[in-house]
Amino acid sequence: MELAVKVNNLTKKFANQIALDRVNLEIPKNSLYGLLGPNGAGKTTLFSIAAGFLKPTEGTIEVLGVDVARISELRGQLAMLPQDAAFQGSIPVIDQLIMFSRLNGLDQNAAHNAAKDALEIVGLPEVARKSARTLSHGMMKRVALCQAFLGDAKVIFLDEPTAGLDPDNARRIRELVKEFTQDKTVIFSSHNLQEVQDICDYVCVIDKGRVVEEGTMESLTESTFLVRIELVSALSQEAHAALQALPVVESIELTSDTEFNLRLNVSGTGKDEAMKQIYGTLTGFEIYPRSVFEGASLEARFLEVTGGTFDGASST
């Protein structure tokens with residue numbers, strides 16, 4: 001497996017706080033790699049070190065075989081979209097994109113063409129001469145994404161590119177990322193677990209500065225499935241015991257007399273067959289579901305490894 005990014009024993013300390021604690025990652029070339037974690041987990045710190053904004057306390061990040069301590073050697077090959085990427089409010093958007101392109105090593109003509117092409121990619125060529133302060137939040141997010149499409153970067157870090165967007169604008173950005181990065185490596189940080197599951201090939205979960213889970217999306221989601229069930233009447237002890245005895249049931253978490261979470265192992269049966277067994281067991285005791293919420297597999301795994309509790313709402 002050829003690697004685009006290799007994180008070696010990465011540690012970052014701020015005074016008495018450890019933001020990253022001996023993190024090791026291997027990110028394959030031409031992959032969409034999701035980086036997940038609760039607030040304060042260390043994701044943005046890792047991105048900042050990769051961009052050269054911060055120096056690690058220990059360890060290294062290598063991009064395309066180059067230590068980011070020598071980040072000038074990666075000019076034009078590495079692109080970074082910070083979470084709070086900001087543009088100057090009074091300067092035309094295209095002038096700022098041209099400046100970013102020049103910083104990537106392009107001459108004036110090439111920089112101008114790259115800026116125009118990037119605006120075309122995000123569907124906003126008409127805002128080229130507008131100032132940033134006149135754009136809506138969704139348009140500004142798409143303009144900020146232009147930075148990832150300037151030139152021909154091979155490795156792109158996107159830190160929360162859809163944060164704060166309405167569903168339609170978030171969908172647009174996801175589609176852009178998938179369509180225009182097929183021959184690139186994208187490290188994609190997000191709190192929207194369904195979004196990451198939809199577009200990423202690999203995923204890593206960081207919690208309290210440490211890697212707590214990593215692997216292919218398939219390996220993290222194929223076997224464990226979380227279901228929340230609300231019943232018309234209370235779950236009896238006999239029905240509880242019968243559910244627990246089913247081979248597909250890994251655990252039952254009661255949240256009230258009539259509500260519970262089931263963690264299922266569906267690797268051998270599949271989801272549909274597992275749910276038939278659940279329904280059959282409940283109706284055998286004349287207990288009937290009022291509602292059933294099937295949780296996203298990635299969300300279930302994320303909550304399991306970070307100590308959260310599934311409450312029937314999608315994590316964002």
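The values are calculated or read from the model by the stated rules, or taken from the named source; none is laboratory data. Keep in mind that this is a model prediction, so the values were computed, not measured. Note: ideal-geometry Cβ built from the backbone for every residue, glycine included; neighbour counts use all protein chains shown.
Which pairs do you get when a residue that is farther than 18 Å from residue 228 by Cβ and assigned by TED's automatic domain parsing to the domain that holds residue 232, found in region 266-289, comes within reach of a residue that is in a loop (DSSP other than H, G, I, E, B) and not small (Gly, Ala, Ser), reach meaning Cβ atoms under 6 angstrom, with the pair 6+ apart or on two chains?
Here the result reads 269/248, each pair linking region 266-289 to a residue that is in a loop (DSSP other than H, G, I, E, B) and not small (Gly, Ala, Ser).
Among the residues of region 226-233, is any free of Cβ contacts under 8 Å to residues at least 40 places away in the same chain, over 16 Å from residue 298 (Cβ atoms), of a type in the set (Gly, Ala, Ser) and out of contact with any Cys (no Cβ under 7 Å at 6 or more places or on another chain)?
Narrowing region 226-233 to residues free of Cβ contacts under 8 Å to residues at least 40 places away in the same chain: none.
No; the residues of region 226-233 include none that is free of Cβ contacts under 8 Å to residues at least 40 places away in the same chain, over 16 Å from residue 298 (Cβ atoms), of a type in the set (Gly, Ala, Ser) and out of contact with any Cys (no Cβ under 7 Å at 6 or more places or on another chain).
Hey, does region 119-129 have a residue that's under 25 Å from residue 193 (Cα atoms) and without any contact (Cβ under 8 Å) to a residue 60 or more places away in the chain?
Yes, because at least one residue in region 119-129 is under 25 Å from residue 193 (Cα atoms) and without any contact (Cβ under 8 Å) to a residue 60 or more places away in the chain.
State yes or no: is residue 177 part of a strand (DSSP E or B), not assigned by TED's automatic domain parsing to the domain that holds residue 271 and not charged (D, E, K, R)?
The answer is no for residue 177.
Taking the condition within 14 Å of residue 204 (Cβ to Cβ), in the same structural domain as residue 189 (by TED's automatic domain parsing) and in contact (Cβ under 8 Å) with a residue 24 or more places away in the chain, does residue 51 pass?
Working: within 14 Å of residue 204 (Cβ to Cβ): no; in the same structural domain as residue 189 (by TED's automatic domain parsing): yes; in contact (Cβ under 8 Å) with a residue 24 or more places away in the chain: yes.
No, not satisfied.
Of a type in the set (Lys, Arg) and more than 30 Å from residue 122 (Cα to Cα): is that true of residue 154 in this structure? Full working, then the answer.
Working: of a type in the set (Lys, Arg): yes; more than 30 Å from residue 122 (Cα to Cα): no.
For residue 154, the condition - of a type in the set (Lys, Arg) and more than 30 Å from residue 122 (Cα to Cα) - is not met.
Restricted to region 9-67, and to residues that are modelled with pLDDT of 95 or more, aliphatic (A, V, I, L, M) and surrounded by fewer than 18 Cβ atoms within 10 Å (Cβ to Cβ), which residue is nearest to residue 188 (Cα to Cα)?
Ranking the candidates gives 64 first.
Pick out, from region 197-316, the strands (runs of 3 or more DSSP E) lying fully within it that include 2 or more residues that are surrounded by fewer than 14 Cβ atoms within 10 Å (Cβ to Cβ) and at pLDDT 85 or above.
Values: elements: 202-207, 210-216, 224-231, 249-254, 259-265, 289-295.
Passing ranges, in order: 249-254, 289-295.
Can you list the helices (runs of 4 or more DSSP H) lying wholly within region 69-163 that have 2 or more residues being out of contact with any strand residue (DSSP E or B) (no Cβ under 9 Å at 6 or more places or on another chain) and modelled with pLDDT of 90 or more? Outline the logic, then answer.
Details: elements: 93-103, 108-121, 137-149.
Counting at least 2 such residues, we get 93-103, 108-121.
Could you tell me which numbered condition residue 181 fails, if it satisfies all but one of (1) in contact with a helix residue (DSSP H, G or I) (Cβ under 6 Å, 6 or more places away or on another chain); (2) buried (at least 20 other Cβ atoms within 10 Å of the Cβ); (3) β-branched (Val, Ile, Thr); (4) modelled with pLDDT under 85?
(1)
From 78, 32, 36, 97, which residue is in the same structural domain as residue 12 (by TED's automatic domain parsing) and over 20 Å from the mean Cα position of the chain (by Cα)? Steps first, please.
Details: 78 fails: over 20 Å from the mean Cα position of the chain (by Cα); 32 fails: over 20 Å from the mean Cα position of the chain (by Cα); 36 fails: over 20 Å from the mean Cα position of the chain (by Cα).
Going through 78, 32, 36, 97 in turn, the sole match is 97.
Scan region 152-164 residue by residue and report those that are farther than 18 Å from residue 48 by Cβ and surrounded by fewer than 20 Cβ atoms within 10 Å (Cβ to Cβ).
So the first thing to find is which residues in region 152-164 are farther than 18 Å from residue 48 by Cβ, and the list is 152, 154, 162, 164.
Selection gives 152, 154, 164.
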